[in-house]
Amino acid sequence: MAEGDNNSVYQLASETASLEEQLQGWGEVILLTDKVLRWERAWFPLALMSVVSFSFLMIYYLDPSVLSGVSCFVMFLCLADYLVPALAPRIFGSNKWTTEQQQRFHEICSNLVKSRRRIVGWWKRLFTLKEEKPKMYFMTMLFSLAVVAWIGQQVHNLFLTYLIVSFLLLFPGLNQHGIITKYVGMAKREINKLLKHKEKKNE
């Protein structure tokens, strides 16, 4: 293995260990959330969507201002950050972790670090594109933002947020159960059929 690869692996292990230490108080909550998001039981998707739907219905009913909504959300995060590490050991008994639980917690932290690295990598590539190909960067950003603005005009903000949040929360379970792979494969086959049919017509 090259020296650069060794450094990368060591840095990944170091970042993962650091994140594990930071999230230790949230360990049991994270493991429980992971089980729900991966649909370890058949009723988890229904329960997940029920909670999300109820939350958005309450937001729609209360119709808070942006400032009130952000304040309440941050207040909820602060309360959770204070209460969860204090109450989780009493509720779940975090001192009785099995080897399997510890391994799964390590995998989750490792995946979070990798996801953060990917996001940073995409961000850096975007700025590299801006420096190397400013016209392409400008056209890509303009087109992308125009599409997003058009979608925002066509769909209600709250409903659009509901769809995005629902998809993000369902994505791990869809991926875990091979549903995304299945439909992506079907879409690829249909596209290939259309391309082959077009080629035959051209011949």
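The values are calculated or read from the model by the stated rules, or taken from the named source; none is laboratory data. Quick caveat, the model's predicted, so the values are computed rather than measured. Methodologically, a virtual Cβ is constructed for each residue, glycine included, from the backbone with ideal geometry; neighbour enumeration extends over all protein chains shown. These accessible areas exclude ligands, DNA and RNA; they are computed on the full protein's heavy atoms, side chains included. Shrake-Rupley method; radii C 1.70, N 1.55, O 1.52, S 1.80 Å.
Taken together, 27, 4 contain a single residue that is at pLDDT below 90, out of contact with any helix residue (DSSP H, G or I) (no Cβ under 6 Å at 6 or more places or on another chain) and in a helix (DSSP H, G or I), which is 4. Tallying residues that are open to solvent by less than 80 Å² (accessible area, probe 1.4 Å) and part of a helix (DSSP H, G or I) within the stretch 91-110 yields 10. A count restricted to the stretch 24-48 and to residues that are touching a residue at least 24 places away in the same chain (Cβ under 8 Å) and either of a type in the set (Val, Ile, Thr) or within 12 Å of residue 173 (Cα to Cα) (or both) stands at 9. Criterion applied to 129, 145 was being farther than 17 Å from residue 37 by Cβ and either modelled with pLDDT of 90 or more or loosely packed, with under 12 Cβ neighbours inside 10 Å (or both), and the one residue passing it is 145. Considering only the stretch 94-115, state which residues are within 15 Å of residue 12 (Cα to Cα), charged (D, E, K, R) and touching a residue at least 12 places away in the same chain (Cβ under 8 Å). Within the stretch 94-115, just 114 meets the criteria. For first residues located in the stretch 64-93 and closer than 17 Å to residue 32 by Cα, partners that are polar (S, T, N, Q) and surrounded by 10 or more Cβ atoms within 10 Å (Cβ to Cβ) and lie 6+ apart or on another chain with Cβ distances below 9 Å form the pairs 85/24; 88/94.
Residue-by-condition table, conditions (1) over 19 Å from the mean Cα position of the chain (by Cα); (2) open to solvent by 100 Å² or more (accessible area, probe 1.4 Å); (3) within 30 Å of residue 36 (Cβ to Cβ):
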| site | (1), (2), (3) |
| --- | --- |
| 118 | no, yes, yes |
| 123 | no, yes, yes |
| 135 | yes, yes, no |
| 154 | yes, yes, no |
| 159 | no, yes, yes |
| 175 | no, no, yes |
| 194 | yes, yes, no |
